[in-house]
1. Using a 1.4 Å probe on the protein heavy atoms, what percent of the accessible area of the chain belongs to carbon and sulfur?
2. Considering the options 47, 17, 33, tell which one lies farthest towards the positive end of the dipole of the chain, charges being +1 on Lys and Arg and -1 on Asp and Glu at the Cβ, about the Cα centre.
3. Between rounded, prolate and oblate, where does the chain land on the alpha carbon gyration tensor, with a ≥ b ≥ c its root eigenvalues, rounded for a/c under 1.5, else prolate if a/b exceeds b/c?
4. Please work out the average accessible area per residue across the chain, using the 1.4 Å probe convention, and give it in Å².
5. I'd like the chymotrypsin sites (Phe, Trp or Tyr not before Pro) in the chain restricted to DSSP loop residues with at most 10 other Cβ atoms within 10 Å, sorted by number.
6. For the stretch 1-67, what is the charge dipole size about the Cα centre, in debye to the nearest 20, if Lys and Arg each add +1 at the Cβ and Asp and Glu each add -1 at the Cβ?
7. Among 16-29, 44-57, how do they line up from the highest to the lowest mean number of other beta-carbon atoms within 10 Å?
8. Considering the zone a paramagnetic label at residue 7 would reach in this model (a point 7 Å from Cα along the Cα-to-Cβ line), which residues of the stretch 39-66 have amide N under 20 Å from it?
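The values are calculated or read from the model by the stated rules, or taken from the named source; none is laboratory data. Note that the coordinates shown come from a computational prediction; the quantities given were computed from them, not determined experimentally. Using ideal geometry, Cβ is built from the backbone for each residue, glycine included, and neighbour counts are taken over all protein chains shown. Just the protein is used for accessible areas: all its heavy atoms, side chains included, with ligands, DNA and RNA removed. Shrake-Rupley method; radii C 1.70, N 1.55, O 1.52, S 1.80 Å.
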Amino acid sequence: MNGQQLQFSEPAQGTVNIIAGEAAKADGMAAAAANTTLEWADACAAAIEEMARRGAIFQAADLIAEGLVDEPDSP
C-alpha cells in the first residue's frame, strides 16, 4: 500500500459498537497516562507545537524521526 493508511469513505453500517469503543478508548488512555512520564509528555507536547509551527502535516512517528522526542519507554 506504499505506506499509506487504509481509509474508508464512510463507516460500514452495523459494525461499530460505540459503547465498547468508548470503553476501549478510556482503557487505552488510562494505560497510556499510567506509563508515560511527565517529562516525556512535556517533550512530546513541545515537539507537536514545533511541527505545527512548521506548518507540516505529521504523525507521531515524525516527531521521533525529526529528533524532537525519543521513543516512549512503553509503547
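1. Carbon with sulfur: 56 percent of the solvent-accessible area.
2. Ranked along the dipole, the leading option is 17.
3. The shape class here is oblate.
4. In whole numbers, the chain has 86 Å² accessible per residue.
5. Those satisfying the criteria are 8.
6. Around 140 debye, computed over the stretch 1-67.
7. My ranking of the peptides, most packed first, is 44-57, 16-29.
8. Those under the cut-off are 52, 55-63.
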